[in-house]
Each structure stands twice: as structure tokens, then as C-alpha cells.
Amino acid sequence: MLNINNLGVFVIPAGILLLSLLCGLLIRKIIFAGAARWSKNTKTHIDDVIAESLGGPFIIWSLMLGIYLVLRYLRVPDDVSRITGKLLLVLGIFSVTVALANISVKLIKVYSSKVETALPVTSLTQNISKIIIFTIGILVIFNSLGISIAPVMATLGIGGIAVALALQDTLSNIFSGFYIIATKQIKVGEYVRLDSGEEGYVRDITWRTTKIRMLSNNIILVPNEKLTKAIVTNYHLPEKEMSVLVDLGVHYGSDLEKVEKVTCETAKETLSQVPGGVAEFEPFIRYGSFSDSSINFSVILRVKEFVDQYLIKHEFIKRLHKRYAREGIVIPYPIRAINYEQEKQG
């Protein structure tokens, strides 16, 4: 049976660990919650990111403190104390590395949209920032454990050559992804169309593929290397606004001046009242050809972005059809007519 003295050997250390954990939770709730409320009133987002990212690691640091106090209380042998101390040091460095990686990713998200020269937010840029920070953290751990970094770097260099030869396609996609991000010709959120016919919104650029969401809500995965070699139409460059052409035709007996006036008035009304239209734009028409049964022309409208054209065309055609009916303007059926008078004159 355990006596009171033996029981204290287990109870007191467990109590120290529990107390450290409870103190950590209490401090996090009081200090970090207050800091989070305070940071919301400041203009910068750095304090918000730091307060949010340090909440989790703070609990780990509380447990590490508890373990350290337990070791001091138990007076363990020097060898055990030294090994445990190194393990705590490694855990501390690793937790700091994780916290810094989370902070870097969140700062990239916050400031990349505000700073024009910053890299766009993609999975690739976020993962690369994590890899860099974790690599530095691992090297610091090696150095703290007394492991020479030079042989490790040499080994990594030799191994890196072998890995590069084995993963040529993967590395090609990674570097192509960097090229896409650096040139900023294709960014997340933009609407693009490939020469192979695929089109949609760019959702993400990963280490291997670029994700494009079609209007049907399906995802297209395009290898980064193929995307750099494709002919791409970016409907957000040089700006989101774009012109939209609607092809029409009217009867040969129509008053073309009246057709132009009525059509432009209806187009202006549509752009002003329907979401997605550029209200300040002055629509116009251009007559283009004499076809078999009509005089054809194009109406030039302007929308705020690519997908807005569908609603604008929809509403414009409905309104123009009603207006033509009121004005007596005829949109002819595609028929062929024989002009007897012309034949007699011939």
C-alpha cells in the first residue's frame, strides 16, 4: 500500500502541472482577451494577428513551466534533468516556430491586398513562408542541441540534387507557380479563359496546380507549367470593366436614325437600372452589314465585370423587344423574299 509520503510524490507534481495549466488558461483568458479587445480599436492589424496567434502556444508554454517546476521539486538526477531540459528547449523552439509561421501567414493575408508590391495570397506563398520559418526553426534546434549545421547542409545539398532529378515535373510546377504569382498577370479572384476553352474564376495557386472555379461551380485543376504555356485571356486586366456587344438586325424598311435613338435610350436605361451595368457609360451602336433579311448592327454596352454581362444582356433584350414593339420597329424573321419589282426593272 502507498503511504502518505509515497502518495505525495505523485500528487504534488500532478498538482503543479494542473496549477500551471489552469494559470495558463486563466492568464490567456484575461490578458489575451483584453489584448484582443484593445487591438480591435487600433488601426494596425499586427496586434490582432499576434494576439490571435499566441493563444495556443501560450498553453504549451504553461505546461513547459509546470514540467520545469516538477523537475525542480523532484530533484531528479542530473542526466535526466539535462535530457529533459533539452527536450523542453526543443519543444519551446518548435512552439515559437509554429507561432511565427501562423503570424507570417496571417500577415500575408492582411497586407498583401493592401500593398501593391506584395505577393498575392495563395496556398503556394503561404506554404513557402511556413517552410522558410520551419527550416530556420529546425536549424536553431540543431544548433541548440550541439549538432553541427554544416554537415547537415552538405547532406541536404547532395540529397537535394537527387530529389530534384526525381521530381523534375513537380519542381517545374512549383517554379511555374512562382512565375505566375510574381508576374501578377493571373491573380486569385480574376476571371480567365484558356485557349483550350476552360474558363472561370482563379480560386488558388498551389505548389502543383492552379484551381479555376467555373460558373457551373466545378473546379478545374490546371498544372502550373501548362498554364504558363497557355494563351490566357484575363478579363480583369487591365481593369474589370469590359465592353459587351449585342448583335441585332432590323427590317430594311426601318428608319435607321430612329432605330439608333431608340436602341441607345433603352441601352442607357438598362445600364442605369440593372445591377452590374456601368451607369455613366454612353452606349452606342454601329451598323455593320446588309444581310439576307435585315440590316445588322451591334450595340456596345459596358459592365462592371465579366459575369455581369449575362444579366445585362438578358434585361436589355427584354426591354428592347418591348420598346421596338411600341415604336413599330420590326425585327425580321430570317426569310428570303423575292422582289418582283426589281425583277421587272431588270
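Residues in the stretch 289-301 that are more than 16 Å from E241 (Cβ to Cβ) and either of a type in the set (V, I, T) or free of Cβ contacts under 8 Å to residues at least 40 places away in the same chain (or both): S289, F290, I295, V299. Name every residue in the stretch 206-247 that is small (G, A, S) and in contact with an Asp or Glu (Cβ under 7 Å, 6 or more places away or on another chain), in order of residue number. The one that is small (G, A, S) and in contact with an Asp or Glu (Cβ under 7 Å, 6 or more places away or on another chain): A230. When the stretch 257-292 is examined, which residues are found to be exposed (fewer than 15 other Cβ atoms within 10 Å of the Cβ) and assigned to a loop (DSSP other than H, G, I, E, B)? Those that are exposed (fewer than 15 other Cβ atoms within 10 Å of the Cβ) and assigned to a loop (DSSP other than H, G, I, E, B): P275, A279, E280, E282, S291, D292. For the stretch 271-287, the criterion of being at positive phi and under 34 Å from the mean Cα position of the chain (by Cα) is met by at least one residue. Within the stretch 303-329, being surrounded by fewer than 21 Cβ atoms within 10 Å (Cβ to Cβ), touching a helix residue (DSSP H, G or I) at 6+ places or on another chain (Cβ under 8 Å) and closer than 27 Å to E190 by Cα holds for one residue alone: E315. Any residue at all in the stretch 213-229 that is out of contact with any Leu (no Cβ under 9 Å at 6 or more places or on another chain), surrounded by 15 or more Cβ atoms within 10 Å (Cβ to Cβ), acidic (D, E) and over 17 Å from F306 (Cα atoms)? For the stretch 213-229, residues out of contact with any Leu (no Cβ under 9 Å at 6 or more places or on another chain), surrounded by 15 or more Cβ atoms within 10 Å (Cβ to Cβ), acidic (D, E) and over 17 Å from F306 (Cα atoms): present. Cβ-Cβ contacts under 7 Å between residues 6 or more apart (or on different chains), taken from a first residue in the stretch 230-251 that is among the charged types (D, E, K, R) to a second residue that is in a loop (DSSP other than H, G, I, E, B), are listed as K240/K304; K240/E305; E241/V278; E241/K304. If you go through the stretch 227-253 and pick out every residue that is under 15 Å from V202 (Cα atoms) and charged (D, E, K, R), you end up with 1.
Bear in mind these aren't lab numbers, they're just calculated from the coordinates by the rules spelled out. Bear in mind the structure is a predicted one, so any value in this text is a computation, not a measurement. Please note: Cβ atoms are built from the backbone with ideal geometry, for glycine as well, and neighbour counts cover all protein chains shown.
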